[in-house]
Amino acid sequence: MLSNRKIIVTGAASGIGKEIVRYCLSEGASVIACDVNKQALHELESLHEKQSLTDAPFKLTTYQLDISNYSRVSGFFAYLTQEHSDLDGLVNNAGIYLAKSILDYQEDEIVRVIDVNVKGAVYFSQMFGKMLIGKEQNMRKGTIVNISSVSGLEGSSDAIYGLTKAALLGLTKSCAMNFAPYIRVNAVAPTMVNTSMMEVIPEWRKKEYLSHQLIDSPVLPEDVAETVVFLLADKSKHYTGATFDLNNGCYLR
Ligand SMILES: NC(=O)c1ccc[n+]([C@@H]2O[C@H](COP(=O)([O-])OP(=O)(O)OC[C@H]3O[C@@H](n4cnc5c(N)ncnc54)[C@H](O)[C@@H]3O)[C@@H](O)[C@H]2O)c1
C-alpha cells in the first residue's frame, strides 16, 4: 500500500511509533524514524536489520532529536531537504503523559508536556508543509497523521495531557485547510493502548476506560498502526481533517 513512499515517524523508537515503523516498512515504505531516545533508536535499527535478512528490503533511517526544540527540528528538515527531498508522509506520534491531576503539576512540567505534545507537532507540520508546498513551482502531494487520543475528544483525568491531545485535533483541521489540496491531514484518537505510557495510568482510570468500551478486545499498537497506514495510503484519498476514533465504542450513548 505504501511502496515508493517516504515517511517520517516521530516517537518511533517505542510503543505505537515502533509498530507504525514496522507496518510502514512492511507495506513497502522507507521510514525516517525520529526519537529523543538514542539507545532505543539503535535497538530499532538492529531489529529491522535482522528482519531485513528475510523480509522486505531494509529502508530505515534514524535521527535522534527532541521534537520540541525548534532549532533541532529546523536542522532536521535542512538534512531532509538535502537527503530525502522526495518525502511524502509525516506521522506526528511522539508524546508524553505524566498521569497527574492539574493540582499536582509544577510549572516546568506544564511547559514540557505542552512543548512536546503540541509544539513538536506544530513545528513538524509547518516544516513538512513548507517542504512540500512552500515553493509554488514545485508543489507536491503528501499526508500527515496526528496521533491524538480519546482524551482529546472526551477529556482526561490529566488536564494538561488532555488539552494537548484536543489541540492536535484543532491542528489537524486547520492544517487540512492550510495545506489543501496538496497535503491531507487526519488524526487518530486511540483509547488506552498497551505501551509503556499505559504503565503510569492509575488503576482506577484503566478500569473506568475499559468499562466504557463496547468491544471487549484491547486496542493494540498494531491496530493503531493499521489505521495510520490506511491514512497514509491512497485508499484514504477522500479523507482530510478527519478524526478516527479508535476506541472500541468508548463513550457512545
Ligand atoms: N498508550 C496509550 O494508551 C495511548 C493512547 C492514546 C494516544 N496515545 C498517544 O500515542 C503516542 C505514542 O504513545 P506510546 O503509548 O507509544 O508511548 P511511548 O512512551 O511508548 O512512546 C513515546 C515515544 O516518544 C518518544 N518521545 C518522547 N518525547 C520525545 C521528544 N521530545 N522528542 C522525540 N521523541 C520523544 C519517546 O522516547 C518514545 O519512544 C503519544 O502521542 C500518545 O499520547 C497513546
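Could you list, in sequence order, all residues of region 170-196 that are in contact (Cβ under 8 Å) with a residue 60 or more places away in the chain, in contact with a helix residue (DSSP H, G or I) (Cβ under 9 Å, 6 or more places away or on another chain) and either within 12 Å of the ligand (Cβ to nearest atom) or open to solvent by 30 Å² or more (accessible area, probe 1.4 Å) (or both)?
Passing the criteria: PRO190, VAL193, THR195, SER196.
Hey, among VAL36, VAL73, which residue is touching a strand residue (DSSP E or B) at 6+ places or on another chain (Cβ under 8 Å) and within 14 Å of the ligand (Cβ to nearest atom)?
Just one listed residue meets the conditions, VAL36.
Just to check your reading of the model, which residue among ASP216, ASP115 is in a helix (DSSP H, G or I) and out of contact with any strand residue (DSSP E or B) (no Cβ under 8 Å at 6 or more places or on another chain)?
ASP115 is the lone residue from the list that is in a helix (DSSP H, G or I) and out of contact with any strand residue (DSSP E or B) (no Cβ under 8 Å at 6 or more places or on another chain).
Only one of VAL145, VAL122 is assigned to a helix (DSSP H, G or I) and within 15 Å of the ligand (Cβ to nearest atom); which?
Going through VAL145, VAL122 in turn, just one is assigned to a helix (DSSP H, G or I) and within 15 Å of the ligand (Cβ to nearest atom): VAL122.
Could you check region 219-246 and list, in sequence order, the residues that are part of a helix (DSSP H, G or I) and β-branched (Val, Ile, Thr)?
Within region 219-246, VAL224, THR227, VAL228, VAL229 qualify.
Residue check, ALA94 against (1) within 15 Å of the ligand (Cβ to nearest atom); (2) in a helix (DSSP H, G or I); (3) of a type in the set (A, V, I, L, M, F, W, C); (4) within 18 Å of GLN126 (Cβ to Cβ), all met but one. Which one?
(2)
Only one of these conditions is not met by GLY155: (1) free of Cβ contacts under 8 Å to residues at least 24 places away in the same chain; (2) open to solvent by less than 40 Å² (accessible area, probe 1.4 Å); (3) within 19 Å of VAL116 (Cβ to Cβ); (4) not hydrophobic (A, V, I, L, M, F, W, C). Which number is it?
(3)
ILE144 versus (1) over 30 Å from LEU103 (Cα atoms); (2) surrounded by fewer than 13 Cβ atoms within 10 Å (Cβ to Cβ): which is the lone unmet condition?
(2)
The values are calculated or read from the model by the stated rules, or taken from the named source; none is laboratory data. Not measured: the values here are computed from a predicted model. We place every Cβ from the backbone using ideal geometry, glycine too, and count neighbours over all the protein chains shown. All accessible areas refer to the heavy atoms of the entire protein, side chains included, with ligands and DNA or RNA removed. Shrake-Rupley method; radii C 1.70, N 1.55, O 1.52, S 1.80 Å.
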